[in-house]
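Down below is the structure, laid out as structure tokens.
What follows draws every value from the coordinates through simple rules; no lab data is involved. Given the structure is predicted, the values throughout are model-derived calculations rather than measurements. Here Cβ is always computed from backbone atoms with ideal geometry, including for glycine, and neighbour counts include all displayed protein chains.
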Amino acid sequence: MTLPPAPARPLIEVCVEGVDGVRTAQDHGADRVELCAALSEGGLTPSLGTIRTAVSVASVPVHVIVRPRGGDFLYSEAEFQTMLEDVRLLREAGAQGVVTGCLTPEGAVDLARTRALVDAARPLSVTFHRAFDLTADPVQALEDLVACGVDRVLTSGQRPTAVLGADLLAALLRQAADRIIVLGCGGLRPGSVGEVLRQVPLREIHFSALQPVESAAVERGEPLNFGTQGEQRRLVTSGEQVSATVAAARQAMG
């Protein structure tokens, strides 16, 4: 099976943390945002206040991650019920999409829970996130997501970067046909996004553009670290990096 034709331009989704990240991403060329909290943990469900405010200021679709904690994607029943409730709340808050993922201990898509999340989310768009990259059999996992009615899958081709995972990304794109969108990700930067798109004609791509920023707060006494970044540094979305990656992606497809 041959690869589908390259799109005129890929849809660009930027993964952001908080309302300021939404504004920065959309102002610098993002077509859609994935809204998260705690990107240092890989992204967790943001607060309802954050979701409502983000939706109110966004000029692009807002897809919200539903992930109650860091770590693996094997959730207790209480965690799963929390996920269903978060889906209901973000749907009522006006978000356009849900980003989530549940696996079994054997590394397969958790079919029952995925179907339940899709049903709870409708009519919103549903993305299965990079839990996919931990599945034991990506070919079967993709078929399972199609069967569950998932709209897109976020993947780097089960490798640390899309450059390294390009072969599997291409194979998944062939397999997906028009049944599910393959949302490519993984280390996409101005210097790498063109290489990936020339190999794999993705309709949609996803990246974050985070840079560390030192706090303006005056240090008092011995520094105390309450999180992985410490309290004198935080990660913010770089408008310059978003613009440069968007430009490189569009140039590669032009």
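Using only DSSP helix segments of four residues or longer, with each worth -39500 (n - 2.57), what per-residue ellipticity at 222 nm results for the chain after dividing by its residue count and rounding to 500? Please report the intermediate quantities before stating the final value.
Values: 8 runs with 92 residues, N = 254.
Computed ellipticity for the chain at 222 nm equals -11000 deg cm²/dmol.
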To the nearest 0.05, what FRET efficiency results for residue 104 and residue 84 with a Förster distance of 22 Å applied to their C-beta separation?
-> 0.75
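Using the C-alpha atoms of the chain, what convex hull volume per residue, in cubic angstrom, is computed? Before the final figure, lay out each step's value.
Details: hull volume 34.0 nm³, N = 254.
Taking the convex hull of the Cα positions in the chain, it is 134 Å³ per residue.
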In Hz, Karplus ³J(HN,Hα) per residue of the stretch 94-109 (6.51, -1.76, 1.60; θ = phi - 60°; x = Gly, Pro) | x, 5, 9, x, 10, 10, 7, x, 10, 10, 8, x, 8, x, 10, 5
Roughly how big is the chain's charge dipole about its Cα centre, with Cβ charges of +1 (Lys, Arg) and -1 (Asp, Glu), in debye to the nearest 20?
-> 640 debye
The FRET efficiency for residue 52 and residue 146, from their Cβ-Cβ distance with R0 = 25 Å and rounded to 0.05, is 0.20
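Among bridges DSSP assigns within the chain, what percent are antiparallel (round to 5)? Kindly include the intermediate steps, with their values, before the conclusion.
On the way: 7 of 35 bridges.
Of those bridges, close to 20 percent are antiparallel.
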If you average the sequence gap of Cα pairs under 8 Å that are 6 or more apart and divide by the length of the stretch 42-82, what percent do you get for the contact order?
-> 48 percent
Enumerate the amide H contacts of residue 99 below 5 Å, restricted to partners 5 or more residues apart or on another chain; note that Pro and chain-start residues carry no placed amide H.
-> 64, 65, 66, 127
